[in-house]
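This report concerns only the one structure given below.
The values are calculated or read from the model by the stated rules, or taken from the named source; none is laboratory data. No experiment lies behind these values; they were computed from the predicted model shown. Cβ: placed from backbone, ideal geometry, glycine included. Neighbour counts: every protein chain shown.
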Amino acid sequence: MSFLFEEPVAGFEPGLAAGLDNDSAAGDPLAFVFVGERLVLQPDSDRPMSLSEARAAGMLLSDLTPLGRLDGRVCVVAATSEPLPEGFKARVVRKLFGRLELNAIAVAAYASQIAHFVTTHRFCGMCGGPMVASASERLVRCERCQRDVYPRVSPCIIILIHDGSRILLTRAAHFPEGMYGLVAGFVEPGESLEQCAHREVLEETGIRISDVRYVASQPWPFPSQLMVGFTARFESGELTVDKHELEDANWFELDALPQIPPPLSIARHLIDLHLEARSSATEPAQ
């Protein structure tokens with residue numbers, strides 16, 4: 001399970017072998033314990049704990065759910081409540097990028113998605129009956145009407161728009177101060193990824209694009225997105241910012257970019273690839 005953009009880009013390999021393995025004889029499981037959407041970490045360290053460490057600390061655990069195996073070790077996700085035992089702290093997983101080891105952050109992100117699925121699907125949306133987790137598949141089944149529900153994945157597009165030596169960057173209100181990213185948005189029912197890209201760009205910035213090209217995708221389980229990355233060329237239109245969606249949008253020269261998203265994000269990956277391509281195109285032949 002990885003956020004790296006290597007072949008193959010789809011899925012979460014090779015770190016976590018996702019599954020429902022819950023072999024108690026396989027040793028002390030690695031436990032990803034959540035308070036709401038925040039991951040509980042050990043005192044004086046930025047690492048998850050084992051299941052026995054969580055219980056020894058006095059945590060009351062619920063919704064214990066298997067995740068699979070990380071380097072052969074069984075992993076589980078569980079919920080607890082505050083107050084936490086002395087010294088333990090809870091952090092939003094997205095803010096742990098660069099602090100947790102890469103495999104651990106990838107599994108923690110996946111665990112957050114499974115935890116969200118478990119806590120939001122206790123009862124059937126059709127008949128209100130209780131939902132029970134399957135022992136053989138990642139799904140819950142209604143005991144009353146036998147309806148199966150799988151974890152939801154919501155596709156989103158994210159797109160780098162270029163025009164010569166400049167790219168279009170946008171800023172949403174929830175971004176860290178000074179940071180700019182890329183146009184992004186959820187795919188609507190009946191819409192292709194490419195149609196979504198054209199619509200989102202036009203709605204948020206007032207411009208039209210062409211030459212829409214797929215680059216890479218990234219699971220972003222906060223709680224359940226799949227980010228699908230594209231590039232496109234500016235075609236026409238005047239930049240007009242939709243203030244309901246964005247604080248700002250502007251063209252930036254490649255040698256004068258503002259603060260951009262951190263490594264491991266697909267936004268940064270698209271920007272870095274474009275910078276590399278432009279640099280290679282302008283280097284003199286040897």
Only one of CYS124, CYS145 is over 29 Å from THR231 (Cα atoms) and surrounded by fewer than 16 Cβ atoms within 10 Å (Cβ to Cβ), namely CYS145
Test: ARG55 is at pLDDT 85 or above, in contact with a helix residue (DSSP H, G or I) (Cβ under 8 Å, 6 or more places away or on another chain), at negative phi and charged (D, E, K, R) = no
Can you confirm whether region 254-265 contains a residue that is part of a strand (DSSP E or B), modelled with pLDDT of 95 or more and in contact with a strand residue (DSSP E or B) (Cβ under 6 Å, 6 or more places away or on another chain)?
-> yes
Take region 83-103 and flag every residue that is in a loop (DSSP other than H, G, I, E, B) and closer than 15 Å to PRO43 by Cα.
-> PRO83, LEU84, PRO85, GLU86, GLY87, PHE88, ARG99, LEU100
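For region 49-82, what are the residues that are assigned to a loop (DSSP other than H, G, I, E, B) and among the acidic types (Asp, Glu)?
ASP71, GLU82
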Picked from region 202-233 (must be over 21 Å from the mean Cα position of the chain (by Cα) and not in a strand (DSSP E or B)), the residue farthest from GLU253 (Cα to Cα) is GLU203
Qualifying residue in region 112-124 (condition: within 23 Å of LEU61 (Cβ to Cβ), of a type in the set (Gly, Ala, Ser) and assigned to a helix (DSSP H, G or I)) = yes
Kindly list, by first and then second residue, each pair from a residue in region 166-185 that is in contact (Cβ under 8 Å) with a residue 60 or more places away in the chain to a residue that is in a loop (DSSP other than H, G, I, E, B) and of a type in the set (Phe, Trp, Tyr), limited to pairs with Cβ atoms under 6 Å and residues at least 6 apart or on different chains.
-> LEU169/TYR180; ARG171/TYR180
Take region 40-52 and flag every residue that is without any contact (Cβ under 8 Å) to a residue 24 or more places away in the chain and surrounded by 12 or more Cβ atoms within 10 Å (Cβ to Cβ).
-> MET49, SER50
Evaluate the following for VAL74: is it buried (at least 19 other Cβ atoms within 10 Å of the Cβ) and over 22 Å from the mean Cα position of the chain (by Cα)?
-> yes
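Return yes or no: is LEU61 surrounded by fewer than 19 Cβ atoms within 10 Å (Cβ to Cβ) and at pLDDT 95 or above?
Yes: the conditions hold for LEU61.
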Looking at (1) over 27 Å from PHE117 (Cβ atoms); (2) among the small types (Gly, Ala, Ser); (3) assigned to a strand (DSSP E or B), which is the one condition that is false for GLY185?
-> (1)
The correct count of residues that are part of a loop (DSSP other than H, G, I, E, B), among the hydrophobic types (A, V, I, L, M, F, W, C) and without any contact (Cβ under 8 Å) to a residue 60 or more places away in the chain in region 132-165 is 2
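When you look at ARG233, is it assigned by TED's automatic domain parsing to the domain that holds LEU168 and in contact with a His (Cβ under 9 Å, 6 or more places away or on another chain), yes or no?
Details: assigned by TED's automatic domain parsing to the domain that holds LEU168: yes; in contact with a His (Cβ under 9 Å, 6 or more places away or on another chain): yes.
Yes; evaluated as a whole, the condition is true for this residue.
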